[in-house]
Amino acid sequence: MPLAAGRRRASLRPHLSPSYVMRLLLLSLLASSALALPAAAQVHRYPVPAFMEAQHYQLPKADCAIFPAAAALDDAVLCSPGRFTPTTQQVDSVESALATVDLSRINSEPESPGYETYPQSIKKQLPQYKRQYFGFYNSLNHACLHITFIKAYLVDAFWLQWHEKVFDAGPDYWTVCYDASANVFFGFRHGGL
């Protein structure tokens, strides 16, 4: 049956105004770009004062950040009252000790099922990790270094300003501590646990 003059057929599609379409496109673009970033880069960060920034220390097989005692931290181990700025000599010692340590034997507990291959995988890929060094004193007043290892794709632009934390990254993110007085590693953790 034909429509009466002056009447229009109701569209099956809702009317989409240009401004509504633009808002949908913008929201879609923002959502897709946020999801494409690594978890570390999705956290809102801002520059820190220069006295809290890390010294960039490049070695032939390691890209390191040495953080001052004044660096802002959110890690309970590192927030101890006795903190210090690691020296390049201490970093050199840790890096040479890393070449010989068996990561699977640092902790007294064996790796959980499914994670047994992580220490070997990490060891083979050591040059691919950026490192962040922090100094603290343990309960025995030994100078200790906390080292965060992060694969380059997880590092954001602020890696020389903030302690990187990535959760659920498997062997691509791990931490270990080193007692510089006793020359032993302890507290090996991987995947952001």
Can you put Arg105, Arg83, Arg131, Arg189 in order of Cβ neighbours within 10 angstrom, beginning with the fewest? Arg105, Arg189, Arg83, Arg131
How big, in percent, is the set of alpha carbon pairs in segment 50-190 lying more than 26 Å apart? 17
Find out how many positive minus negative residues lie around Ala62, taking Lys and Arg as positive, Asp and Glu as negative, among other residues whose Cβ is under 9 Å from that of Ala62. +1
Expressed in nanometres to one decimal, the distance between label points 7 Å along Cα→Cβ at Lys61 and Lys123 is 1.3
Given charges of +1 on the Cβ of Lys and Arg and -1 on the Cβ of Asp and Glu, with all other atoms neutral, how large is the dipole of segment 50-190 about its Cα centre, in debye to the nearest 20? 200
Quote the relative contact order of segment 50-190 in percent (integer), defining contacts as alpha-carbon pairs under 8 Å separated by 6+ residues. 26
With 0.36 nm assigned to each residue of separation and the Cα-Cα distance removed, Asp102 to Thr88 gains 2.7 nm
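Each reported figure results from applying straightforward, stated rules to the coordinates on display, with no laboratory input. Being a predicted model, the structure only gives us computed values, none of them experimental. Cβ: placed from backbone, ideal geometry, glycine included. Neighbour counts: every protein chain shown.
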